[in-house]
Amino acid sequence: MNFFDGHYFSHYVSTPEHSGESHHVPIYYGIQYNHSGRFWLRVNHGERFECEGPWAFITNPGAFFEYGSFPGETRHHNFICSYGERVDRYISSGLLPIDNVHPLIRIGNPERFLETMLRIISLLRCTEPVVPARAVLLYEELLLLLHEMPASVPAVPAFQENYFRRLVEEVRRHPEKTWDFNCEAARRNLTTAHFRRLFRTVAGLPPQQFLIQCRLQFAAARLVDTSEPVGRIAEDAGFCNCFYFSRLFKARFRLSPLEYRREFAGRGRINEDCRV
């Protein structure tokens, strides 16, 4: 018996530098997530909302949605669209929150939310047309995250928040760089311990753990897309010891680097800039 039957994924995308607009009546139910940057939203020709940062909204059949980036600006936009009997149950139970009058949902743990979306997208692109049970399970985790109150997340002072969000995004995009978080703390006149707390609030992980996670996903993408030796990939990802890299990689993906390459090479993956 498959406990996750009845959930189908139609479209899924992550675009770190998205621009443009959408004007349509959806066919499927979509979790739309703006991770960073400014965007605007209007539903059924009603009130126009303008937001910046981590906000989500649910697109759904029968309503007219208009949303997009501001002229000359880009944003990190992600969406996953679904349909099926299981999705209908999410809606009837309130787990998938449909509200076309007050559509916006503030995301209290944006890095965790983004990582969950990217893991779903990665799974789907590696296994399509089959829908893996873990993708459905992670989707349900997304729905639970939608219901978590932002107030439950420790606040980052407003004058520090933009800096830490930019830093987290830069680490995500360029994990292969040499990062010295003690120096970053000193530049902000913060103690190392306080810097770690603020970074973890934004990223969901302490800085060094987050960096390792990003480097492993960077390496995973290279394993799938190239035939380069594992040692070269480990070095390019920022690991000076290939055995240490292999041990961390297997702990993260449950496969050795070579096993991962054999399993997923040629099947596709998420956008190169979305590495976690």
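The values are calculated or read from the model by the stated rules, or taken from the named source; none is laboratory data. All of these numbers come straight from a predicted model, not from anything done at the bench. Note that each Cβ is placed from the backbone with ideal geometry, even for glycine, and that neighbours are counted across all protein chains shown.
Where residues in the range 251-262 are touching a helix residue (DSSP H, G or I) at 6+ places or on another chain (Cβ under 8 Å) and not aromatic (Phe, Trp, Tyr), which of them is surrounded by the most Cβ atoms within 10 Å (Cβ to Cβ)?
Residues of the range 251-262 touching a helix residue (DSSP H, G or I) at 6+ places or on another chain (Cβ under 8 Å): 252-253, 255-258, 260-261.
Of the ones still in play, those that are also not aromatic (Phe, Trp, Tyr) are 252, 255-258, 261.
Working: Arg252: 15, Leu255: 16, Ser256: 14, Pro257: 23, Leu258: 12, Arg261: 21.
The selected residue is Pro257.
Of the residues making up the range 70-85, those that are farther than 18 Å from Leu145 by Cα and not β-branched (Val, Ile, Thr) are Phe70, Pro71, Gly72, Glu73, Arg75, His76, Tyr83, Gly84, Glu85.
Can you spot a residue in the range 65-87 that is assigned by TED's automatic domain parsing to the domain that holds Ile105, in contact with a strand residue (DSSP E or B) (Cβ under 9 Å, 6 or more places away or on another chain), surrounded by fewer than 17 Cβ atoms within 10 Å (Cβ to Cβ) and among the aliphatic types (A, V, I, L, M)? No, the range 65-87 contains no residue that is assigned by TED's automatic domain parsing to the domain that holds Ile105, in contact with a strand residue (DSSP E or B) (Cβ under 9 Å, 6 or more places away or on another chain), surrounded by fewer than 17 Cβ atoms within 10 Å (Cβ to Cβ) and among the aliphatic types (A, V, I, L, M). Within the range 157-194, track down each residue that is aromatic (Phe, Trp, Tyr) and surrounded by 12 or more Cβ atoms within 10 Å (Cβ to Cβ). Matches in the range 157-194: Tyr163, Phe164, Trp179, Phe181. Selection over the range 198-210 of residues that are farther than 18 Å from Phe113 by Cβ, in contact (Cβ under 8 Å) with a residue 12 or more places away in the chain and surrounded by fewer than 20 Cβ atoms within 10 Å (Cβ to Cβ) gives a count of 1.
Looking only at residues in the range 128-147 that are surrounded by 15 or more Cβ atoms within 10 Å (Cβ to Cβ) and either of a type in the set (Val, Ile, Thr) or assigned by TED's automatic domain parsing to the domain that holds Ala221 (or both), the one that is modelled with the lowest pLDDT is Val131.
Quick one: what pairs do we get from the range 75-97, first residue part of a helix (DSSP H, G or I), second of a type in the set (Gly, Ala, Ser), C-beta under 7 Å, 6+ apart or different chains? From the range 75-97, the pairs are Glu85/Gly6; Arg86/Gly6. Of all residues in the range 162-195, those satisfying the criterion of being without any contact (Cβ under 8 Å) to a residue 24 or more places away in the chain and under 16 Å from Asn109 (Cα atoms) are Asn162, Arg166.
Mind listing whichever residues of the range 225-239 are surrounded by fewer than 19 Cβ atoms within 10 Å (Cβ to Cβ) and not charged (D, E, K, R)? Please lay out each step first, then the result.
We begin by selecting, within the range 225-239, every residue surrounded by fewer than 19 Cβ atoms within 10 Å (Cβ to Cβ); these are 225-229, 231-232, 235-236.
Those that are surrounded by fewer than 19 Cβ atoms within 10 Å (Cβ to Cβ) and not charged (D, E, K, R): Thr226, Ser227, Pro229, Gly231.
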